[in-house]
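See below for the structure under consideration.
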Amino acid sequence: MAGSSLQQQIASMRQSLFDEGLLNEQFIELEKLEDASDPNFVKNVINVFLTDSLKNVTGIEESLLHLKADEPLDITELGKFLHRLKSGCLGIGAKKVPIEVEKMLQCYEAGDMEGMKTILPTMKQEYNILENKLEAYFELLPHIEPGQSSDPPSKGSTSSGE
Amino acid sequence: MATVGEVFRRSLPETIDQVRDDSSSSSELHVLAVDDSLVDRKVIERLLKISSCKVTAVESGTRALQYLGLDGERASVGFNGLKVNLIMTDYSMPGMTGYELLKKIKESSVFREIPVVVMSSENILTRIDRCLEEGAEDFLLKPVKLDDVKRLKDFIMKGDGKDGGETRIHKRKRQDDYASLSSPSPFPACDPSSPLMPSSSPSARSSKRAKLRNKD
């Protein structure tokens, strides 16, 4: 039946987010905050995360690429982008991206621009992977009208082997 | 959507609405949340709304002070009349840190009695102690959970932070969750106390808090 195979697809995609080490239990905590009064909460937070993170990743990249070798790091902007990206990641339960961001923050604290540039491609790659998977997952989720009594797949997928 | 919950400077009527009594409207707590992360603001708003609290979320310490009317301008310009029962602020923010915001609030004769809770994604003992010493009610590790908010709310509702300290909120033990976050090798610049297990410190901190309480 079409309905249940979509459900299965959703459940399986959701599970893979965990199995592939992209998300941790913080994401489940977000899912718990969803109910009839705010049935699209997780989707909304992820949208905010993706929009905000894109700005931060772009900001980090541009800051690093435009800095000359002996130019001091732009304390205000670069650090702000790094920190906000890390906060956002932790907030939604992302696992791999904040590890790379943390490495970059360590370099930032030490004034090590070259170190940050070395880590940047990995960080971007991890972010792109996360971004693509999250977008694909949320694309499948139906938009639920507030007040509708529904069982969002993310909460009902007890068969996903969690 | 991006500005949900964000409160910028409001244009207020000339008259000051000085609603100072506790029954600011159906005994709902009004929480001022301060965090520069948009994601975190959205999440904390949701946590607070689920806990039946009114939320005003702002993006910086400066905005928070403006909201409270503590930004150096006359109180009649900034104060919006709705009493704030609790302030939850992120520690690491650009410009004014949560710690600096905490200090400013505690220095204010008008607002020093509002409980302030500091949130941070980093479990750094010196940071925690610094905040507690400055008068923070508690220190929460991010990501903040519903249980944290519920505990906080219960605590505030019990005595507005004025009780003897027996029902002190315990800092949530999340050390193990952050083990996966830290790099395999210790951070060179990191605070040496970071490997501390929180379970060994709450009692030390509670007694410190009790001592600090006696300062009032």
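The values are calculated or read from the model by the stated rules, or taken from the named source; none is laboratory data. Since the structure is predicted, the reported quantities are computational estimates derived from the model, not experimental observations. We place every Cβ from the backbone using ideal geometry, glycine too, and count neighbours over all the protein chains shown. In case anyone asks, the SASA skips ligands and DNA or RNA and just uses the protein heavy atoms, side chains included. Shrake-Rupley method; radii C 1.70, N 1.55, O 1.52, S 1.80 Å.
Structural remarks
- Around B:LYS104: net Lys/Arg minus Asp/Glu count, Cβ-Cβ under 11 Å: -1
- Exposure of B:GLU100 as accessible area (Å², to 10), given a probe of 1.4 Å and all protein chains: 80 Å²
- Other protein chain Cβ atoms within 10 Å, averaged over every residue that makes up B:31-39: 5
- Inter-centroid distance (Cα atoms) of the stretch B:87-155 relative to the stretch A:98-127, Å: 28 Å
- Shielding by partners - mean other protein chain Cβ count within 10 Å, residues of A:43-50: 4
- Available extension along the chain between A:GLN9 and A:ASP38 is 8.1 nm, counting 0.36 nm per residue and deducting the alpha carbon span.
- Peptide packing for A:95-104, A:122-131 was compared via the average number of neighbouring C-beta atoms within 10 Å per residue; ordered from the highest value, the list is A:95-104, A:122-131.
- B/A buried area, accessible surface, summed, 1.4 Å probe, Å²: 2400 Å²
- Rounded to the nearest Hz, the phi-derived 3J(HN,Hα) couplings of the stretch B:101-107 under the Karplus curve 6.51 cos²θ - 1.76 cosθ + 1.60 (θ = phi - 60°) are 5, 4, 4, 4, 5, 6, 7, where x marks glycine and proline.
- Shape call, the stretch A:1-64: gyration tensor on alpha carbons, a/c limit 1.5: prolate
- Local charge for A:LYS43 was computed over the other residues whose Cβ lies under 12 Å away, with Lys and Arg +1 and Asp and Glu -1, and equals -4.
- Mean projected area (nm²) of the alpha-carbon convex hull when the stretch A:1-121 is viewed from all directions: 9.0 nm²
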